[in-house]
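Quick notes on the structure that follows.
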Amino acid sequence: MPAQDSDRVDNFVVALARVVPRHDGTLAYKAHAGSAFILQADDGCLAMTAGHVADTLVVGEHAAMLAGADGRWRTAAIVGIQKHPTQDVAVLRLEPGNYASPFTFDRAQEHASLGYTLWGYPEAVLYDSGAMDGFRRLPRPEMVFSQGHIRRRISRPLERNDIPGNRFFELSTPAGGGCSGAPLLSVRPGRRWEVIGVYVGEWYSIRGGSDGIVDMAVGYAVRTADLDLDAPDWTPFLDSPS
């Protein structure tokens with residue numbers, strides 16, 4: 001990984017977006033679709049995201065947005081999509097280009113109380129309230145940082161049935177809509193780039209009905225250590241050198 005990339009997390013934690021062609025042949029950002037992170041593989045560049053995010057992507061119409069060497073955003077077209085057969089994750093193949101990634105996959109079984117960090121692109125920051133006439137749409141997504149701890153492991157389907165799968169971490173800190181597909185990273189010493197999960201959503205408990213207050217808020221991530229338990233042919237690339 002080039003040294004200059006280590007200070008730009010947005011080189012390898014990327015926004016997914018619907019894009020439209022410009023007259024000069026480049027792609028322009030149109031609408032936010034979710035978050036993803038870059039992987040290295042021997043036969044080309046891959047990115048990982050949430051499976052339900054991949055369901056909304058169309059090859060030829062969506063792309064990953066990365067920070068270029070000059071600080072400007074650049075797009076990498078999505079040219080292939082492969083979903084995991086049972087868990088809410090997917091792999092995206094990106095067009096040929098110059099990519100970098102520090103990520104490795106933690107194959108250890110992690111448990112409650114482990115701390116984590118997360119970068120992603122929540123929809124809540126897509127608008128700037130500083131405009132004179134109200135909210136102004138920003139020209140591109142903005143990455144945010146969050147952190148927390150694993151509350152518990154869940155090895156069954158979630159009660160909310162819009163997230164498929166049965167191997168999750170429940171997280172202390174919701175990252176927000178739009179962060180689905182972001183990497184959940186270990187805080188163990190010397191392992192800051194080890195991916196332990198893929199963020200897939202959140203849940204809020206409202207006390208007092210629809211007009212009440214939030215009593216509890218948690219996030220969910222798919223456990224990456226368990227991705228090959230029922231799909232051994234899907235995950236060999238996870239152990240490819242980065």
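The values are calculated or read from the model by the stated rules, or taken from the named source; none is laboratory data. A quick note: this is a predicted structure, and the numbers were derived from the prediction, not measured. Cβ atoms come from the backbone with ideal geometry, glycine included; neighbour counts cover every protein chain shown. Note: accessible area is taken over every heavy atom of the protein model, side chains too, but ligands, DNA and RNA are not part of it. Shrake-Rupley method; radii C 1.70, N 1.55, O 1.52, S 1.80 Å.
Would you please give the FRET efficiency between GLU142 and LEU114, computed as 1/(1 + (r/R0)^6) with r the Cβ-Cβ distance and R0 = 25 Å, to the nearest 0.05? It comes to 0.35. Stretching the chain fully between VAL9 and ARG191 yields a gain of 64.0 nm (0.36 nm per residue, less the alpha carbon separation).
Note that region 15-24 has calculated 3J(HN,Hα) couplings of 8, 9, 8, 7, 10, 10, x, 8, 5, 7 Hz, one per residue in order, obtained from phi through the Karplus relation 6.51 cos²θ - 1.76 cosθ + 1.60 (θ = phi - 60°); glycine and proline are x.
Computed with a 1.4 Å probe over protein heavy atoms only, the accessible surface of region 82-126 comes to 41 Å² per residue.
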